[in-house]
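A short reminder: the numbers here are calculations on the coordinates, not readings from a lab. As the structure is a prediction and not an experimental result, all values here were calculated from the model. Cβ: placed from backbone, ideal geometry, glycine included. Neighbour counts: every protein chain shown.
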Amino acid sequence: MNYEGKGRCVLCDTPFTEDDPPVSVKGWVAEMTGQEGLAHYSCMAFMANAVAYERHKLPWSTGLPHPVVVNLTKNEEIAPGTLLEPGAGNGENAIFLAARGFDVTAVDISSAAIEKIREHAEKMDVAIHTVVGDFLGDISLPHSKYDYVFERSFLQTLPPSLREKYVERVISHLNPNGKYLAIVRGSRYPEPDSQPYAFSREDIQDLLSSHFVSLDIRPTVSGTGGRERDYWFVEAAVE
Ligand SMILES: C[S@@+](CC[C@H](N)C(=O)[O-])C[C@H]1O[C@@H](n2cnc3c(N)ncnc32)[C@H](O)[C@@H]1O
């Protein structure tokens with residue numbers, strides 16, 4: 001695709017490329033970056049989150065593991081194994097799982113977020129792998145394949161144009177018998193056209209059903225205490 005007519009990224013002032021196409025900067029991202037217009041996805045994700053962590057504007061952060069994660073481990077519905085978490089944020093779920101025997105790799109584009117995870121894990125004497133980087137870009141991970149890819153509120157940050165790439169990336173990191181576990185923001189009215197995006201059950205089915213042999217989508221909550229709203233818990237198996 002030729003992006004010549006699209007101008008330059010409002011955040012880095014360089015042209016768009018096939019590998020890093022333009023996305024619209026609006027809503028929460030415009031608030032964080034102070035810009036509007038078209039930007040590379042990678043610039044947008046990096047800059048908006050850098051500002052959010054610097055200003056401690058983290059409406060998603062709960063300080064607690066998500067109730068679904070707590071129940072999955074309590075009821076032994078998931079057994080310890082290797083687990084990759086893209087967009088791990090402050091690591092509430094990553095550290096909880098690592099403390100229960102999972103070999104966790106937490107990835108986040110924000111170095112401040114990853115630093116928090118390292119500090120917290122050290123305080124709790126929990127072993128965890130941490131990686132600063134763009135999950136959709138080039139990252140180097142400690143394992144080539146994982147038993148689980150888990151995420152909370154990460155898919156909702158991706159523009160529709162990058163969701164297929166994301167799912168392919170998730171699958172490329174999963175063992176043949178691996179599972180994708182996700183806590184995804186449910187439908188909202190009016191439907192947002194910038195992040196955080198909203199997903200109906202059908203949106204999730206359309207995105208995932210052709211990639212996984214089994215797909216279970218159940219209602220859950222965001223896990224943010226007083227700010228609870230509809231979310232989905234998604235469990236998908238590769239084989
Ligand atoms: C809505 S927050 C959710 C954080 C965490 N999962 C939680 O539940 O608290 C999204 C997280 O994804 C990170 N992020 C956004 N784009 C990313 C990317 N392309 N690669 C890796 N992390 C990314 C952000 O820095 C942020 O920490």
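What the table shows:
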item: Residues residue 58 and residue 202, FRET efficiency given R0 of 22 Å [Cβ-Cβ distance, rounded to 0.05]; result: 0.15
item: Listed residues 86, 171, 9: farthest to the positive end of the dipole of the chain (Cβ charges); result: 86
item: Rounded to the nearest 20 debye, dipole of the range 91-239 from Cβ charges on Lys, Arg, Asp, Glu; result: 220 debye
item: Label-point separation, residue 76 to residue 189 (7 Å along Cα→Cβ), nm; result: 4.4 nm
item: Given charges at beta-carbon only (K, R positive; D, E negative), |dipole| of the range 1-81 in Debye; result: 300 debye
item: Against the rule of thumb 2.2 N^0.38 Å, how large the Cα Rg of the range 4-54 comes out; result: 1.05
item: Note, ³J(HN,Hα) from phi for the range 158-166, Karplus 6.51, -1.76, 1.60, rounded to Hz, x at Gly and Pro; result: 8, x, x, 5, 10, 5, 4, 4, 4
item: 222 nm mean residue ellipticity, helices alone, for the chain (DSSP H n ≥ 4; -39,500 (n - 2.57); rounded to 500); result: -9000 deg cm²/dmol
item: For the range 150-239: rounded, prolate or oblate by the Cα gyration tensor [a/c cutoff 1.5]; result: prolate
item: Extended-chain gain in nm, criterion 0.36 nm per residue less alpha-carbon gap, residue 164 and residue 216; result: 16.8 nm
item: Test item: Cα-centred dipole of the range 68-127, Lys/Arg +1 and Asp/Glu -1 on Cβ, debye; result: 80 debye
item: Potential lengthening between residue 2 and residue 120 on full extension [0.36 nm per residue; Cα-Cα distance subtracted]; result: 38.0 nm
item: Cα-based shape type of the range 8-149, given that a ≥ b ≥ c are square roots of the gyration tensor eigenvalues and the cut on a/c is 1.5; result: prolate
item: Cα convex hull of the chain - mean projected area over all directions, nm²; result: 12.9 nm²
item: Antiparallel content of DSSP bridges confined to the chain, in %, to 5; result: 55 percent
